[in-house]
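Values quoted throughout were computed directly from the atomic coordinates according to the rules given, and no laboratory measurement underlies them. Just so we're clear, the structure is a prediction, and the values are computed from it rather than from any experiment. Every residue, glycine as well, gets a Cβ built from its backbone with ideal geometry; the counts of neighbours run over all protein chains shown.
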Amino acid sequence: MKSAVGKFSSVAARAVPDVLFDAPARPPSVSLPPARRFSSAPGAPQNRPESALSSGWSSRVRVGDLLVLASLLMLLFVGICAAFPGAIAPYLPTDMQTEAILGRPNAAHWFGTDQFGRDVFSLVVYGARQSVLIGIFAVLISCSVGVAIGLTAGYAGGWLDTVLMRFIDVWLSIPNILLAIALSTVLGPSLTNTIFAISITTIPRYARVLRGQALSVRGRPFIEASRSAGASHFSILRRHILPHCSAQILVLATLGVGTSILIGSGLSFLGLGVNDERPDWGFLLTQGRGYLTVAWWTVTFPGLAITSLVVSINLLGDALRRHFDPRSAPR
Amino acid sequence: MIRRVLERFAVSLGVVFGAVTLIFLVLNWLPGDSALLIAGEDASPETVHQLRIKLGTDRSLGSQYRSYLAGVVQGDLGTSYTTREPVFRRLAAQLPSTLALTFSACTVAVALGIALGVLSVLYRGRWLDQTIQSVSLFIHSMPTFWLGMLLILVFSVQLGWLPVIGNGGLLPSVLPVVTLGIWLSVPLQRMVRDGMLDGLHEPYVTTLRAKGLGERRIFYVHVLRNALTSTITLLGVMIGESLSNAVIIETLFARQGIGRTTVEAIGQKDIPVVQGAILLASVAYVVVNLLVDLSYTLVDPRTRLVTSKGTR
């Protein structure tokens, strides 16, 4: 404990040496009201009325709840599209109406028609399944593997850290889309292979960030305290370091679902990782690109579908973070 | 300190070696037969066999690996299957374009990310913060190429200010750089904001306040600096992401560059070019992360205390 205190003051001393000399001269301001800590931003009025702050929070909570509800509904809708596209889509994705090629959005075709006369709305509905499956399974694999590697390396230190991180370094040094391109070309275009390629390429980011977290947490006094109280390394990892990083993991995993869907759409955009028969949002965008200047709807709506799905996931992730980590609630 | 730098340097060399090996292994599992592809479908089996010997793909994997490694050490990345041009020369011609795109985009992203992150914390919970957060959320939920398409729709098709094709000169580069820069700034902004908000609740802030340090100084010197640790980690990781997205951006804007060359080469199973391009990207990544690792010691003294036992 003594050494920990020493560490902290030495940090402060290195950063701002004059503080140490100033400190004894000033009376310690111990009787700060709690609100003072929250309104600590410089530039903000120092004595901002408490009510302004709290009303800001309550209105934000209400907006936040609405957003969460909207995202849940969006996810439910995308989920239904993914499970039963036939029940939602008015046309089959293979239905080509030659009299309605590149038609503007209208009552019969809400999102217009593409260059083959296919209904863009139906294509978007049928395309949901690919993205949903990619998002869920890629993150399940990459997050669990990545977190395990990262926390172990950061906490254990020593040779294990070195070996794991050198391996991760090699892995990470190959830019993700390039690695995914190489992998999905090697493995051939199928959904499983795309998911595998995306998981493999996204593992290092979890490991790297979590390792940094664990490294910076493990020197903190409370770890030292539980260690001296007789806690095992595994128990410290599970009960102290993992919860300490849970907000970080949640943020990463949430962004990870989105990222996986985005990498997946990127692969499709480059013409990899899709079966031609199955409509896919990224591939719809590739096809629409050629008609960008004459038919904005062919690229706007599939892109909007990807974006709304990923936005909903990210909003939900933020809500989960507020739920699991009350410390971060008033944001 | 110098010893530490040298050590990290040696380790980085090892990583590059590992990357060469990994890339080689992954790419040489490619099931396609380059010789057959180059010779054409109706070529006689003898012609294909001759070509295979010429390309060296008839040899064992180990033998190919040894000669590739020997070449890499001498700066020879092999010869393109399709154009018979040295890979190094072909890639070197494309390098400036990709470097310019990535570097400008990262500069835009860092400036935007830190500025918006700090602004968000300063105006936390108010409309400016909420606007920044909503727009960021939306932008980072878009595929980069869709963001690019939307910008093309607005600035090229509707307003006619900027060209659709992103090749040559300053004006055509604006849309690619802005697309990539905006997209990359979002995680940085989030990390700065989250890190600073977490930091404001840390006990050390109370300690600093108790010592009578000014709020402005606590905010910009201590809290911002602590938040930058995780932000720098992220920036290192994101160099890979920006190179990756450069591939997509170059394809979208039909812009010259390593990325587009790679995508073309993958279509033609031109393995030496693909290998060389990925190797180049990896080297760039390793160099940037070497710098990031060294900067840890400057930004977070806690990691310095933990990692180098001598100073404890």
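What is the mean number of Cβ atoms from other protein chains located within 10 Å of the Cβ atom of each residue in peptide B:202-208, rounded to a whole number?
Mean partner-chain Cβ count within 10 Å for B:202-208: 3.
Subtracting the Cα-Cα distance from 0.36 nm times the residue separation, let me have the gained length for B:Glu46 to B:Ile139 in nm, one decimal. Mind dumping the intermediate values first?
On the way: separation 93, 0.36 × 93 = 33.48 nm, distance 5.45 nm.
Extra length available between B:Glu46 and B:Ile139 comes to 28.0 nm.
Given 10 Å bins starting at zero, what is the percent of C-alpha pairs of the stretch A:91-170 in each, up to the one with the largest pair distance?
Pairs per bin, as whole percents: 17, 25, 14, 13, 15, 14, 3.
At R0 = 51 Å, how high is the FRET efficiency between B:Arg217 and B:Asn28 if r is their beta carbon distance? Nearest 0.05 is fine.
Efficiency at R0 = 51 Å is approximately 0.35.
Using modelled amide H (1.01 Å from N, peptide plane; none on Pro or chain starts), what sits under 5 Å from the amide H of B:Thr79, excluding residues fewer than 5 places away?
Those lying under 5 Å, H to H, from B:Thr79 are B:Val87.
Compute the distance from the alpha-carbon center of the stretch B:40-110 to that of the stretch A:283-325, in whole Å.
So the two Cα centres are separated by 36 Å.
Residue by residue through the stretch A:126-135, which ³J(HN,Hα) values in whole Hz follow from phi under the Karplus form 6.51 cos²θ - 1.76 cosθ + 1.60 (θ = phi - 60°), with glycine and proline marked x?
Result, ordered by residue: 5, x, 4, 4, 3, 5, 4, 5, 4, x Hz.
Order the peptides A:165-178, A:72-85, A:252-265 from the highest to the lowest mean number of other Cβ atoms within 10 Å of their residues.
Ranked from most to least packed, the peptides come out as A:252-265, A:165-178, A:72-85.
Once you have the Cα-Cα distance between A:Ile80 and A:Ala231, take 0.36 nm times their residue separation minus that, and quote the gain in nm to one decimal.
Result for the pair: 49.7 nm of gain on full extension.
Can you check what the net charge comes to around A:Ser142, using other residues whose Cβ is under 13 Å from the Cβ of A:Ser142 (Lys, Arg +1; Asp, Glu -1)? List each step's numbers first, then the result.
On the way: positive: A:Arg205, A:Arg208; negative: none.
Around A:Ser142, the surrounding residues sum to +2.
Roughly speaking, what is the stretch gain from B:Gln74 to B:Arg126, that is 0.36 nm per residue apart minus the C-alpha to C-alpha distance, in nm to one decimal?
The B:Gln74-B:Arg126 span can extend by a further 12.9 nm.
Please report, in cubic angstrom per residue, the volume enclosed by the convex hull of the alpha-carbon atoms of the stretch B:105-175. Walk me through the numbers before you get to the answer.
Details: hull volume 7.4 nm³, N = 71.
Once divided by residue count, the hull of the stretch B:105-175 is 104 Å³.
Quick one: which of B:276-283, B:21-28, B:8-15, A:111-118 comes out on top by average Cβ neighbours within 10 Å, and what's the full order, highest first?
B:276-283, A:111-118, B:21-28, B:8-15
If each of B:Val287 and A:Leu160 carries a label point 7 Å out from its Cα toward its Cβ, how far apart are those two points in nm?
3.6 nm
Project the alpha carbons of chain B onto their principal axes and report the range along each, largest first, in whole Å.
Result for chain B: principal-axis Cα extents of 84, 61, 30 Å.
Give the calculated FRET efficiency between B:Thr107 and A:Leu102 to the nearest 0.05, with a Förster radius of 35 Å applied to their Cβ-Cβ distance.
Taking R0 as 35 Å, the efficiency between B:Thr107 and A:Leu102 is 0.35.
What distance in nm lies between label points placed 7 Å from Cα along the C-beta direction at A:Leu242 and A:Tyr291?
For A:Leu242 paired with A:Tyr291, the spin-label model returns 5.1 nm.
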